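Chemist: Questions regarding the structure given below will be posed in turn.
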Amino acid sequence: MRSSKQKIITAVVLAVLVLPAVYLGVQLFAILNRPYRTETAVEYTMSDSVFADGYVVFDQTPVEGSGDLGYLVENGERVANGTAVAEVYASAEQAQSRRQLEELETQLSLLEKSENTSGTDVDMLYKQQQNALYDLLDCIDMQAYDQVKEAGNQYLLAANKIQIMTGAVSNFDQAKQELQAQKEQVEAQLGEPATISAPVGGYFVAADSADLLSLIREQLDEMDAAALAQSIESGEGVQPLEGAGKIVTSYTWYFYGTCSLEEGKKFQNVSSVQISFPGAAEKTLPATVESVELNEEQGLAKFVLHCEYIGADVLGLSLEEAKIDFESYEGLRVDADALHIVDGEKGVYVKYGNLARWRKIQIVYQNEEYMLVAEDGKVGTDNELRMFDEVIVEGTDLRDGKILS
């Protein structure tokens, strides 16, 4: 009896002592034999880029006006001299009447389009309706509430056409008549508000859609790199756009920016680049390098670009961060952490089955995060990486032929 108790006590003591040791061993095994992380080598295009803050400069003329304004043209729309761009409402009721009138006109236009079903079939319409519903849900999910109305209208357009195509209704004449009667009533309530006209021809920008840069090109041309950098940092000359808005009178605009001396050297002997504004005007546009000034003493560079492509998103810019792309490169994208140097040769380890194999590479372009490897990879050459190879990005004690756990 006593012997059994002693055995039990001994077993308990051993368990208490052994379990922590086992736990520690498992943890050490996991650390020393952590899983290998791989990424697939795929075709990709990368650009040698510089990010720089600067001024976006237009030839522009202010549009005077005040009061409760409603706009009659879209941002970025080209207008002629004397075109009515806005109207001034005498009361809140008059402003509300204009909004009601615009909504009624949208509904009427939607019904007119709904009756035009030529060249379509029901299956395609059901697909359009489904896509429109997904777009609507995406707008709500991303809180892009300014796009909800348009997405909803696209859904209604597809739904209405389905009713016509399936014979549920033959037309929307009654609905259009009711909307037309409402429209005439609202037009009478609206009356004839006073209008504001464009003082010159060009591209219109509403006051609530942009800031105004009061600095002109001549002033910016006189600044050296340090003075321009200080001006940009303080936001000198950028102020709210007052009045009814502005007219940009030319499709040519300029970007005055500063960057480090090393980055500035990239502009030398370069005539053209690509420019975009992350988060503000994402579309990449071609631009010409007007000038670049390197200041060794200041460690800064000042550069001027000009572009002849314009859009509503660009017209609203004043002081922005630009992304300037120089040469573009194509190749197989590989995480920069995968790079190893063995016997003076650059390469990566790839996973073949359960083995790690060494592959020499020729790097086309590299930044802090990724590198592009030449695409003509062939085992036995100076460039052995091939498309869809599983490149080992993380792992311990890598070597050619190692069995991967």
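The values are calculated or read from the model by the stated rules, or taken from the named source; none is laboratory data. Only a predicted model underlies this, so the values are computations on that prediction, with no experimental measurement involved. When we count neighbours, we look across all protein chains shown, and the Cβ atoms used for this are built from the backbone with ideal geometry, even at glycine.
Chemist: Take Ala84 and tell me if it is touching a Ser or Thr at 6+ places or on another chain (Cβ under 9 Å), of a type outside the set (Lys, Arg) and closer than 30 Å to Glu192 by Cβ.
Modeler: For Ala84, the condition - touching a Ser or Thr at 6+ places or on another chain (Cβ under 9 Å), of a type outside the set (Lys, Arg) and closer than 30 Å to Glu192 by Cβ - is met.
Chemist: Could you figure out which of (1) β-branched (Val, Ile, Thr); (2) in contact with a helix residue (DSSP H, G or I) (Cβ under 7 Å, 6 or more places away or on another chain); (3) over 30 Å from Glu263 (Cβ atoms) isn't true of Val348?
Modeler: Status for Val348: all satisfied but (3).
Chemist: Pick from Gly76, Gly65: which is in a loop (DSSP other than H, G, I, E, B), more than 30 Å from Val304 (Cβ to Cβ) and touching a residue at least 60 places away in the same chain (Cβ under 8 Å)?
Modeler: Of Gly76, Gly65, the one residue that is in a loop (DSSP other than H, G, I, E, B), more than 30 Å from Val304 (Cβ to Cβ) and touching a residue at least 60 places away in the same chain (Cβ under 8 Å) is Gly65.
Chemist: Would you confirm whether or not the stretch 124-143 contains a residue that is touching a helix residue (DSSP H, G or I) at 6+ places or on another chain (Cβ under 9 Å) and within 30 Å of Gly201 (Cα to Cα)?
Modeler: no
Chemist: Tally up the residues in the stretch 89-100 that are surrounded by 14 or more Cβ atoms within 10 Å (Cβ to Cβ), free of Cβ contacts under 8 Å to residues at least 60 places away in the same chain and either more than 23 Å from Ala181 (Cα to Cα) or out of contact with any strand residue (DSSP E or B) (no Cβ under 7 Å at 6 or more places or on another chain) (or both), please.
Modeler: Within the stretch 89-100, residues that are surrounded by 14 or more Cβ atoms within 10 Å (Cβ to Cβ), free of Cβ contacts under 8 Å to residues at least 60 places away in the same chain and either more than 23 Å from Ala181 (Cα to Cα) or out of contact with any strand residue (DSSP E or B) (no Cβ under 7 Å at 6 or more places or on another chain) (or both) number 1.
Chemist: Please pick out the residue among Leu190, Leu228, Leu220 that is modelled with pLDDT of 95 or more, in contact with a Lys or Arg (Cβ under 7 Å, 6 or more places away or on another chain) and of a type outside the set (Gly, Ala, Ser).
Modeler: Going through Leu190, Leu228, Leu220 in turn, the sole match is Leu228.
Chemist: Ok, one more. Consider the stretch 124-145. How many of its residues are of a type in the set (Gly, Ala, Ser) and closer than 15 Å to Leu156 by Cβ?
Modeler: Count: 1.
Chemist: Further question: Sort through Gly257, Gly243 and tell me the only one that's touching a residue at least 40 places away in the same chain (Cβ under 8 Å) and closer than 30 Å to Val88 by Cα. Break it down stepwise before answering.
Modeler: Numbers: Gly257 fails: closer than 30 Å to Val88 by Cα.
So the residue among Gly257, Gly243 that is touching a residue at least 40 places away in the same chain (Cβ under 8 Å) and closer than 30 Å to Val88 by Cα is Gly243.
Chemist: Could you count how many residues in the stretch 369-405 are part of a loop (DSSP other than H, G, I, E, B) and farther than 15 Å from His340 by Cα?
Modeler: Taking the stretch 369-405 and keeping what is part of a loop (DSSP other than H, G, I, E, B), we get 369, 374-389, 395-401, 404-405.
Filter once more, keeping what is farther than 15 Å from His340 by Cα: 374-381, 386-389, 401, 404-405.
Of the residues in the stretch 369-405, 15 are part of a loop (DSSP other than H, G, I, E, B) and farther than 15 Å from His340 by Cα.
Chemist: Here's a follow-up. So if I check each of Gly237, Gly257, which one is assigned by TED's automatic domain parsing to the domain that holds Glu218 and at positive phi?
Modeler: Gly237
Chemist: Shifting gears a bit: Answer yes if at least one residue in the stretch 162-171 is assigned by TED's automatic domain parsing to the domain that holds Leu72, assigned to a helix (DSSP H, G or I), within 30 Å of Ile247 (Cα to Cα) and aliphatic (A, V, I, L, M), and no otherwise.
Modeler: no
Chemist: Here is a follow-up. Looking at the stretch 272-290, can you tell me whether even one residue there is outside any strand (DSSP E or B), surrounded by fewer than 21 Cβ atoms within 10 Å (Cβ to Cβ) and either among the polar types (S, T, N, Q) or at pLDDT 95 or above (or both)?
Modeler: no
Chemist: A further question follows. Cβ-Cβ below 7 Å, separation at least six or inter-chain, first residue in the stretch 101-119 and farther than 13 Å from Ala175 by Cβ, second of a type in the set (Asp, Glu) and part of a helix (DSSP H, G or I): which pairs?
Modeler: Leu101/Glu187
Chemist: Right, here's the next one. What are the residues in the stretch 207-260 that are over 30 Å from Ser66 (Cα atoms), among the aliphatic types (A, V, I, L, M) and assigned to a loop (DSSP other than H, G, I, E, B), if any?
Modeler: Met223
Chemist: Which one of these does Leu133 not meet: (1) at pLDDT below 85; (2) surrounded by 14 or more Cβ atoms within 10 Å (Cβ to Cβ)?
Modeler: It is condition (1) that Leu133 fails.
Residues are listed down the side, and each one gets a yes or a no for (1) among the polar types (S, T, N, Q); (2) farther than 30 Å from Ala92 by Cα:
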| residue | (1), (2) |
| --- | --- |
| Pro193 | no, no |
| Gln219 | yes, yes |
| Glu233 | no, yes |
| Ser272 | yes, yes |
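Chemist: Does Leu136 meet the test of being hydrophobic (A, V, I, L, M, F, W, C), within 30 Å of Glu184 (Cβ to Cβ) and assigned to a helix (DSSP H, G or I)?
Modeler: Answer is no for this residue.
Chemist: Next up: Of all residues in the stretch 201-211, count the ones that are modelled with pLDDT of 90 or more and under 19 Å from Gly316 (Cβ atoms).
Modeler: Matching residues across the stretch 201-211 total 6.
Chemist: Restricting to the stretch 342-363, name every residue that is out of contact with any strand residue (DSSP E or B) (no Cβ under 7 Å at 6 or more places or on another chain) and part of a strand (DSSP E or B).
Modeler: So in the stretch 342-363, the residues out of contact with any strand residue (DSSP E or B) (no Cβ under 7 Å at 6 or more places or on another chain) come out as 343-344, 352-353.
Answer for the stretch 342-363, where residues must be out of contact with any strand residue (DSSP E or B) (no Cβ under 7 Å at 6 or more places or on another chain) and part of a strand (DSSP E or B): just Tyr352.
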